[in-house]
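Student: Have a look at this one before I ask anything.
The values are calculated or read from the model by the stated rules, or taken from the named source; none is laboratory data. Computed from a predicted structure; not experimentally measured. Backbone-built Cβ (ideal geometry, glycine too); neighbour counts: all protein chains shown. These area figures cover heavy atoms from the full protein model, side chains too; ligands, DNA and RNA do not enter into them. Shrake-Rupley method; radii C 1.70, N 1.55, O 1.52, S 1.80 Å.
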Amino acid sequence: MIVRDFMTKNPVYTNPKELISNIKNTMDREKIGKMPVLDDSGNLVGVITKTDIKKTMPSEATSLDIYELSYLISKMTAEKVMKKKPITIQKDATIEEAAKLMAENSISSVIVLDGEVLAGILTKTDLFKAMVDMFGFKYEGVRASVEVSDNCGELAKISSAIAEKKGKIVSFITADGSDVSKRIITFKIIGINKEDVEEILKNLGADIKDIR
């Protein structure tokens, strides 16, 4: 699964000279929490979020009166608030790479580039959509998780046995097993019922962790 297939394309962006008040209005209207900042040449120079904008709001501890504050805020531009050198990822990166990048940096979305050109934004919601596809949630079928030996051909044995019963695996993922010699395989099967799948797995000696 590739970032370009799940990212939000043609994201709303702004420029360094745009007023913060206008950016806030745009974010509220478009229901977005982050905007890339591009210079006049289309180069990515920063990113601004709703959190950044909230930080510009006056503190109760300030000595300025409301009129002075209103004036200063009305003149504030993106370049004064934005984060420079934003975290980015290339559009041809994998979804796994994007998820790892977002988790490591504790961010809810990441700007996507095509070389040096803005291509999109990938959000947590986009990642959830990718997960739905990855697990085959859109299919009505049997979901099973089994632990098997981490040997070549284990998945082939299962898929062949399922195919013989006219079943079809529409998705599968693997994860570490209970020790280094084992893997856990989770897959979605259509075309046959739960009882048939359970019988196949038991005949193959697979340790069934969950089936539904």
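Student: Just to confirm a number: summing +1 for Lys and Arg and -1 for Asp and Glu over residues other than Ala93 whose beta-carbon lies under 12 angstrom from that of Ala93, what do you get? Each step should come with its number before you reach the end.
Tutor: Values: positive: Arg4, Lys91, Lys100; negative: Asp5, Asp92, Glu96, Glu97, Asp114.
Its environment carries a net charge of -2.
Student: For Thr26 and Met1, what is the calculated FRET efficiency with R₀ set at 25 Å and r taken between the beta-carbons, to the nearest 0.05?
Tutor: The calculated FRET efficiency here is 0.25.
Student: Follow-up. Given R₀ = 45 Å, what would the calculated FRET efficiency be for Ser108 paired with Lys182, taking r from the Cβ atoms and rounding to 0.05?
Tutor: Numbers: r = 34 Å, r/R0 = 0.76.
It comes out at approximately 0.85.
Student: So, one more: Need the full-extension length gain, Glu97 to Leu204, defined as separation in residues times 0.36 nm minus the C-alpha distance. One decimal, nm. Kindly include the intermediate steps, with their values, before the conclusion.
Tutor: Values: separation 107, 0.36 × 107 = 38.52 nm, distance 3.39 nm.
Extra length from Glu97 to Leu204 when fully extended: 35.1 nm.
Student: With a cut-off of 8 Å between alpha carbons and a minimum separation of six or more residues, what is the relative contact order of the chain in percent? All intermediate terms of the calculation are to be shown ahead of the outcome.
Tutor: Values: 339 pairs, mean separation 41.2, N = 212.
That works out to 19 percent.
Student: On to the next question. Around Asn43, what is the net charge, scoring Lys/Arg as +1 and Asp/Glu as -1 over all other residues with Cβ under 14 Å from its Cβ?
Tutor: Numbers: positive: Lys84, Lys85; negative: Asp39, Asp40, Glu79, Asp114, Glu116.
Within the 14 Å Cβ shell, the charges total -3.
Student: For a 28 Å ceiling on Cα separation, which of these pairs sit above it: Lys100/Lys168; Lys31/Lys84; Lys100/Lys166; Lys100/Lys188; Lys129/Lys165? Spell out each step's value before the answer.
Tutor: Details: Lys100/Lys168 30 Å; Lys31/Lys84 23 Å; Lys100/Lys166 37 Å; Lys100/Lys188 25 Å; Lys129/Lys165 31 Å.
Beyond 28 Å: Lys100/Lys168; Lys100/Lys166; Lys129/Lys165.
Student: What length, rounded to one decimal in nm, is gained on full extension from Leu155 through to Val132, with 0.36 nm per residue of separation minus their alpha-carbon distance?
Tutor: So the extension gain works out to 6.1 nm.
Student: With a length cut of 27 Å (Cα positions projected on each helix's long axis) and a Kyte-Doolittle mean of at least 1.6, go through the chain and give me the DSSP H helices that pass. Please report the intermediate quantities before stating the final value.
Tutor: Values: long enough: none.
Result, helices passing both filters: zero.
Student: Would the range 139-212 count as rounded, prolate or oblate if I go by the C-alpha gyration tensor, calling it rounded below 1.5 in a/c and otherwise prolate when a/b exceeds b/c, oblate otherwise? Working shown, then result.
Tutor: Details: a/c = 1.78, a/b = 1.57, b/c = 1.13.
Note, shape of the range 139-212 comes out prolate.
Student: Per residue, what accessible area does the chain have, given a 1.4 Å probe and all protein chains present, in Å²? Please report the intermediate quantities before stating the final value.
Tutor: Working: 13050 Å² over 212 residues.
About 62 Å² of surface per residue is accessible.
Student: Based on the alpha-carbon gyration tensor of the range 74-152 and its eigenvalue square roots a ≥ b ≥ c, which shape applies: rounded if a/c is under 1.5, prolate if not and a/b is larger than b/c, or oblate?
Tutor: Working: a/c = 2.90, a/b = 2.40, b/c = 1.21.
Prolate, because a/c is 1.5 or more and a/b exceeds b/c.
Student: If you don't mind, there's one more thing I want to ask. By the scheme Lys and Arg +1, Asp and Glu -1, what is the net charge of all other residues having a beta-carbon under 12 Å from that of Val148?
Tutor: Numbers: positive: Lys157, Lys182, Arg183, Lys209; negative: Glu147, Asp150, Glu154, Asp207.
Once all neighbours under 12 Å are counted, the net charge is 0.
Student: Could you check which residue among Asn25, Asn151, Asn193 shows the biggest mean-square fluctuation in a GNM of the chain with a 10 Å Cα cutoff?
Tutor: For the chain, modelled as a Gaussian network with Cα springs under 10 Å, the answer is Asn151.
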